[in-house]
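Q: Shown below is the structure under consideration.
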Amino acid sequence: MNPIPTPDQYQDLREALRGLCREFDSAYWQKVDTDRGYPEAFVDALAEAGWLAALIPQEYGGSGLGLAEDPVIMEEINLSGGNAGACHGQMYNMGTLLRHGSPEQKQRYLPGIASGKLRLQSMAVTEPTTGTDTTKLKTTAVRHGDHYVVNGQKVWISRIQHSDLMILLARTTPLAEVKRKSEGMSIFLVDLHQAIGNGMTVRPIPNMVNHETNEVFFDGLRVPAANLIGQEGQGFKYILDGLNAERTLIAAECIGDAWWFIDKARRYASERLVFDRPIGQNQGVQFPIAADYIEAEAANLMRFKACSLFDAHKPCGAEANMAKYLAAKASWEAANTCLQTHGGFGFAHEYDVERKFRETRLYQVAPISTNLIFSYVAEHLLGLPRSF
């Protein structure tokens, strides 16, 4: 019964990726976590093998795969004991450029992103005073000739130190001057090498997880008008356009975590002897593991339903949100079960449980919190009054 999950139509893809992941064992990930470092060698290996270019069309050097295949990559990384959060931005952040960029922009940037020579791992949307109330963001971009001048602040912006480019959402028309609050925001592609130290300041945020994230300040940053993606004022719509893919990819990471915790708990419960019998023989130990397996399977089904709808260009907002909720719930419950099964050893670094426990807890909050998913389902599926 190894490895979990149950074999499916993506076994060739899974086996190829597992071969790469086996080169980066638990000792590798433990050292990265202890050093508060970045898994540079792992990300380079993924990029060189083409895994991070899965969603980029072949004409730009990518694999041209659909969303059904792409989350399998994220799932397998986490199932192997790794952390796809270190590189998932490279897979989905380019979607804004791919779907809404000009032909010249796509030709200029996508081949480099596909090869890994250019990293687009950062997206600057969230602000400290607005959070998920994105339409009230305060960062502004004002047109001055052939440039926009950006002023404001962003927070929880990940992987800037390991990116060349960043997607930036800023308000180009004041909120008071637009008919709808979702209008008047625009998307820019920021060259980080030019921006940092020239109107952009980055301040790392130490956090519970070894997740490289930052606070960013803009003070007169000049961004070329040629770096505007799509139409001015339509940026919020472009951001929403990519959220379903992001949530489905995160769901897959959580499913990979859930399988890892379930398998880890199952193995330990089968081998750990107390009172001359394996602890897994006790129903009090085995029932929670079995319940976690059931929940992971349910989340897996919803994930693939969301993927199939996305690839068929059909509405999938409800399914993507529900997949993310079910998967994050399954991984967090499996994490608790795994830690409890290991007892005191679950807190020891060498078992990897406490590291993965911290990593998977993030997804109860990001990239969309559980309560916001409840609000979405209540309003859009159940017809209840909007709560905010």
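Q: Kindly state which strands (runs of 3 or more DSSP E) lie completely within segment 177-241 and contain at least 3 residues that are open to solvent by 40 Å² or more (accessible area, probe 1.4 Å) and more than 15 Å from I160 (Cα to Cα).
A: Here the list reads 213-224.
Yes/no per residue for (1) modelled with pLDDT of 95 or more; (2) surrounded by fewer than 16 Cβ atoms within 10 Å (Cβ to Cβ); (3) in contact with a Phe, Trp or Tyr (Cβ under 7 Å, 6 or more places away or on another chain); (4) more than 20 Å from I4 (Cα to Cα):
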site: A334; (1), (2), (3), (4): yes, no, yes, no
site: L339; (1), (2), (3), (4): yes, no, yes, no
site: P367; (1), (2), (3), (4): no, no, no, yes
site: A378; (1), (2), (3), (4): yes, yes, no, yes
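Q: Do the conditions hold for I294, that is, is it open to solvent by less than 40 Å² (accessible area, probe 1.4 Å), modelled with pLDDT of 95 or more and not basic (K, R)?
A: no
Q: If you don't mind, there's one more thing I want to ask. Is it the case that segment 56-65 has a residue that's closer than 22 Å to A320 by Cβ, assigned to a helix (DSSP H, G or I), within 19 Å of the chain's Cα centre (by Cα) and in contact (Cβ under 8 Å) with a residue 12 or more places away in the chain?
A: No, because not a single residue in segment 56-65 is closer than 22 Å to A320 by Cβ, assigned to a helix (DSSP H, G or I), within 19 Å of the chain's Cα centre (by Cα) and in contact (Cβ under 8 Å) with a residue 12 or more places away in the chain.
Q: Which ones in segment 99-116 are closer than 13 Å to D164 by Cβ and not in a helix (DSSP H, G or I)?
A: Hit for segment 99-116 is G116, nothing else.
Q: Right, something else. Does S80 satisfy the criteria of being open to solvent by 20 Å² or more (accessible area, probe 1.4 Å) and either of a type in the set (K, R) or more than 27 Å from A312 (Cα to Cα) (or both)?
A: For S80, the condition - open to solvent by 20 Å² or more (accessible area, probe 1.4 Å) and either of a type in the set (K, R) or more than 27 Å from A312 (Cα to Cα) (or both) - is met.
Q: What tally of residues in segment 17-55 results from selecting those that are within 26 Å of R303 (Cβ to Cβ) and either in contact with a Gly (Cβ under 8 Å, 6 or more places away or on another chain) or touching a residue at least 12 places away in the same chain (Cβ under 8 Å) (or both)? So that I can check it myself, show each step before the final result.
A: Going through segment 17-55, the residues within 26 Å of R303 (Cβ to Cβ) turn out to be 17-22, 24, 26, 29, 39, 42-43, 45-47, 49-55.
Remaining after also requiring either in contact with a Gly (Cβ under 8 Å, 6 or more places away or on another chain) or touching a residue at least 12 places away in the same chain (Cβ under 8 Å) (or both): 17-18, 20-22, 24, 26, 29, 39, 42-43, 45-47, 49-55.
Residues that pass the stated criteria total 21.
Q: Okay, next question. Return the residue satisfying two criteria in turn: it lies in segment 132-153 and is assigned to a loop (DSSP other than H, G, I, E, B) and in contact with a strand residue (DSSP E or B) (Cβ under 9 Å, 6 or more places away or on another chain), and of such residues it is surrounded by the fewest Cβ atoms within 10 Å (Cβ to Cβ).
A: So, considering only residues that are assigned to a loop (DSSP other than H, G, I, E, B) and in contact with a strand residue (DSSP E or B) (Cβ under 9 Å, 6 or more places away or on another chain), the one surrounded by the fewest Cβ atoms within 10 Å (Cβ to Cβ) is D146.
The values are calculated or read from the model by the stated rules, or taken from the named source; none is laboratory data. None of the values given here were measured: they were computed from a predicted structure. Quick reminder, even Gly has a Cβ in these numbers, built from the backbone with ideal geometry, and neighbours come from all protein chains shown. Each accessible area value is taken on the protein alone, full model and side chains, heavy atoms only, with ligands, DNA and RNA left out. Shrake-Rupley method; radii C 1.70, N 1.55, O 1.52, S 1.80 Å.
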